[in-house]
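The values are calculated or read from the model by the stated rules, or taken from the named source; none is laboratory data. Here the structure is a predicted model, which is why all the values come from computation and not from measurement. Every residue, glycine as well, gets a Cβ built from its backbone with ideal geometry; the counts of neighbours run over all protein chains shown.
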Amino acid sequence: MSLSASPTAAGPPFLTDDPVPVERGHWEAYLFATRDATSGTTQYAAPAVEFNLGATSNLQLHLVAPYATDSAVGGPTFHGLGDIEFGVKYRFVRETDQRLQIGIFPMVELPTGNAEHGLGNGQVWARLPLWIQKGWGPWTTYGGGGYQLNQAEGARSCFFAGWLLQRDLGKRLTLGGEVYATGADTVGGTGSTIFNAGGYYNFRPDFSLLFSLGRTFAGERHAVAYVGLYWTWGPS
């Protein structure tokens, strides 16, 4: 299974996520595309949509629906609905000057994509992560990890972890980089460690462009990319 099997099991545009939920009563929407190229296949989620809702001050509801493409080297290319993702982000420790903020973000993937054509997993699978974050001035760092439960044919359960550092360059531009690692998630496969760099540009406080580009420097080969548009709205 590729890193893009769950293209937004992450804090867009990165693979690593954070513990910060959407504000209560606010919505987030992403229209995005991802690419993950390995030695044998290239997988896309394009277009894909993500919606997040701040249900309470510390609880976020999450949904992703992708249109998927699987293109094998020297083989056919398939298109169709990918696996739909549901999640709940819950922050149980708020950040202070002396304290990190901490949250969990369990996600479940429903097998709505055609697994025989490489568009889905074939069975329900889940990710169970813990994320922490701390900010100071224009700098923010966050990361953590967890366990991926996957009993589909040819798949393996595995651990994953990531860490990111980013900096605001004024009010409009933020840039960052991350290291993200995962264990072997397929039978006979190997784990991988990737470096990914990107950020976002704020056209307005409620509308942004997100982007990232990365590749593995250890383990199974992946070259990944993300580009998307972000909107947010809600009560003042």
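Before moving on, here are some points about what is shown:
- Residue count for the range 53-72, restricted to those that are in contact with a Gly (Cβ under 9 Å, 6 or more places away or on another chain) and either at pLDDT below 95 or under 25 Å from ASN114 (Cα atoms) (or both): 11
- Test: residue in the range 203-218 that is in a strand (DSSP E or B), closer than 17 Å to ARG127 by Cβ and not polar (S, T, N, Q): no
- Selection of the range 103-122 for residues being over 22 Å from PHE51 (Cα atoms) and either out of contact with any helix residue (DSSP H, G or I) (no Cβ under 7 Å at 6 or more places or on another chain) or in a strand (DSSP E or B) (or both) yields ASN114, ALA115, GLU116, HIS117, GLY118.
- Count - residues of the range 224-235 that are more than 15 Å from the chain's Cα centre (by Cα) and surrounded by 14 or more Cβ atoms within 10 Å (Cβ to Cβ): 2
- Selection count, the range 144-167, where residues are under 18 Å from ASP83 (Cβ atoms) and of a type outside the set (A, V, I, L, M): 9
- Output for the range 34-65, where each listed residue is more than 22 Å from PHE105 (Cα to Cα), buried (at least 17 other Cβ atoms within 10 Å of the Cβ) and touching a residue at least 60 places away in the same chain (Cβ under 8 Å): ARG35, ASP36, ALA37, THR38, GLN43
- Cross-chain or 6+ apart pairs with Cβ under 6 Å, the range 162-190 first and among the acidic types (Asp, Glu), then surrounded by fewer than 17 Cβ atoms within 10 Å (Cβ to Cβ): ASP168/PRO138; ASP185/ARG156
- Selection within the range 197-210 - surrounded by fewer than 18 Cβ atoms within 10 Å (Cβ to Cβ), among the aromatic types (Phe, Trp, Tyr) and either in contact with a strand residue (DSSP E or B) (Cβ under 6 Å, 6 or more places away or on another chain) or closer than 18 Å to ASP17 by Cα (or both): TYR201, PHE207
- For LYS134, the stated conditions hold: it is of a type in the set (D, E, K, R), part of a strand (DSSP E or B) and surrounded by fewer than 17 Cβ atoms within 10 Å (Cβ to Cβ).
- Selection count where residues are surrounded by fewer than 22 Cβ atoms within 10 Å (Cβ to Cβ) and either touching a strand residue (DSSP E or B) at 6+ places or on another chain (Cβ under 9 Å) or at pLDDT 95 or above (or both), scope the range 171-188: 12
- Yes/no for GLY146 being within 16 Å of the chain's Cα centre (by Cα) and not in a loop (DSSP other than H, G, I, E, B): yes
- ALA72 vs. criteria over 27 Å from PRO235 (Cβ atoms), touching a residue at least 40 places away in the same chain (Cβ under 8 Å) and aliphatic (A, V, I, L, M): yes
- The set of residues from the range 166-187 being among the basic types (Lys, Arg) and part of a strand (DSSP E or B) comprises just one member, ARG167.
- Annotation: of all residues in the range 62-97 being assigned to a strand (DSSP E or B) and β-branched (Val, Ile, Thr), the one that is farthest from the chain's Cα centre (by Cα) is THR77.
- Among residues of the range 185-194, those that are under 18 Å from the mean Cα position of the chain (by Cα) and not acidic (Asp, Glu), counted: 4
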